[in-house]
Amino acid sequence: MKKLGIIGAMKVEVETLQNAMTGKRIQSIAGMDFCEGLLEGLPAVVVECGVGKVNAAVCAQILCSCYQISHLVNTGVAGSLNAKLDICDLLVSKDAMYYDVDCQYVGYAPCVLPGMPETFEADDSLIGRAFAAAESIKPGHTHIGRVATGDCFVAKKELKEKIVALTQASCVEMEGAAIAHTAYKNGVPFVILRAISDKADDSAEMDYPTFEANAAAFCARLTEALARDLAQDE
Ligand code: ADE
């Protein structure tokens with residue numbers, strides 16, 4: 001029996017999903033409201049974790065430890081790192097990595113934590129099913145690629161270029177790799193779903209507030225479509 005843990009950093013990324021759930025029960029842990037019920041007929045727990053890596057990891061661990069989730073999904077908005085990824089396009093994670101980790105002085109590759117893999121690999125079946133769901137929503141505007149994560153809102157061309165050189169990622173955001181890392185440690189399959197809200201360059205300060213809600217709505221639709229597809233297995 002599947003049970004999806006679904007994490008979004010902000011209210012705008014989770015509220016549509018929580019409103020669409022039936023049979024809801026809410027439990028507050030570590031200041032986060034875990035909303036458990038059925039999404040598209042599938043058992044799910046949808047939660048707003050707050051922005052950044054630590055909030056995301058704490059939340060993901062609670063889902064793994066307290067809710068017996070079978071799969072973990074991170075949904076939300078991201079800055080594009082790839083000219084082919086335009087505002088409101090959809091991105092399904094192939095893998096995720098931190099761009100703000102540096103242990104090179106003690107012999108590790110850039111972006112790699114001691115004892116951890118170079119990237120956290122998303123689940124192949126979830127990638128395929130999420131890609132098909134995304135294509136049904138935005139045909140020709142869906143990509144599979146790498147997610148780069150760090151505790152910065154990226155709004156300068158120089159930082160964007162540095163992140164691309166370090167990670168070759170398709171998008172940048174602030175939670176995905178921390179959720180992927182937690183999923184890896186718990187042996188839980190995961191995928192990160194993102195809709196592009198800005199280009200993570202000097203235009204981001206203007207674009208983000210303009211497109212945040214629209215992009216978040218696209219990603220919520222994608223998450224619902226994935227839940228609907230997974231529900232058909234049960
Ligand atoms: N989420 C959406 N846009 C972002 C950006 N430019 N940097 C970090 N996280 C983001």
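A few remarks follow.
- Unmet criterion (only one of (1) within 19 Å of Val14 (Cβ to Cβ); (2) surrounded by fewer than 24 Cβ atoms within 10 Å (Cβ to Cβ); (3) in contact with a Gly (Cβ under 9 Å, 6 or more places away or on another chain)) for Ala178: (2)
- Top-ranked residue in the stretch 5-54 [being in a helix (DSSP H, G or I) and under 13 Å from the mean Cα position of the chain (by Cα); ranked as nearest to Met174 (Cα to Cα)]: Lys53
- Considering only residues in the stretch 219-233 that are surrounded by 23 or more Cβ atoms within 10 Å (Cβ to Cβ) and of a type outside the set (Val, Ile, Thr), the one that is farthest from Val164 (Cα to Cα) turns out to be Leu230.
- Flag if Glu212 is within 13 Å of the ligand (Cβ to nearest atom), crowded, with 20+ Cβ neighbours inside 10 Å and under 17 Å from the mean Cα position of the chain (by Cα): no
One line per residue, one yes/no per condition, for (1) part of a loop (DSSP other than H, G, I, E, B); (2) under 17 Å from the mean Cα position of the chain (by Cα):
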{"site": "Lys84", "(1), (2)": "yes, no"}
{"site": "Met97", "(1), (2)": "no, yes"}
{"site": "Tyr105", "(1), (2)": "no, no"}
{"site": "Ala109", "(1), (2)": "yes, no"}
{"site": "Val112", "(1), (2)": "yes, no"}
{"site": "Leu126", "(1), (2)": "no, yes"}
{"site": "Arg129", "(1), (2)": "no, yes"}
{"site": "Arg146", "(1), (2)": "no, yes"}
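- Pairs with Cβ under 8 Å, 6+ apart, first in the stretch 137-155 and free of Cβ contacts under 8 Å to residues at least 60 places away in the same chain and more than 16 Å from the ligand (Cβ to nearest atom), second among the polar types (S, T, N, Q) and not in a loop (DSSP other than H, G, I, E, B): Ile144/Ser93
- In the condition set (1) touching a helix residue (DSSP H, G or I) at 6+ places or on another chain (Cβ under 7 Å); (2) part of a loop (DSSP other than H, G, I, E, B), Leu222 is compliant with all but (2).
- The stretch 71-82 residues that are within 19 Å of Lys160 (Cβ to Cβ) and without any contact (Cβ under 8 Å) to a residue 60 or more places away in the chain, paired with ones that are within 7 Å of the ligand (Cβ to nearest atom) and part of a loop (DSSP other than H, G, I, E, B) (beta carbon under 7 Å, 6 or more apart): none
None of the figures in this text is laboratory data; all of them are computed from the coordinates on show. All figures in this text were calculated on a predicted structure; none of them were measured in a lab. Virtual Cβ from ideal backbone geometry, glycine too; neighbours counted across all protein chains shown.
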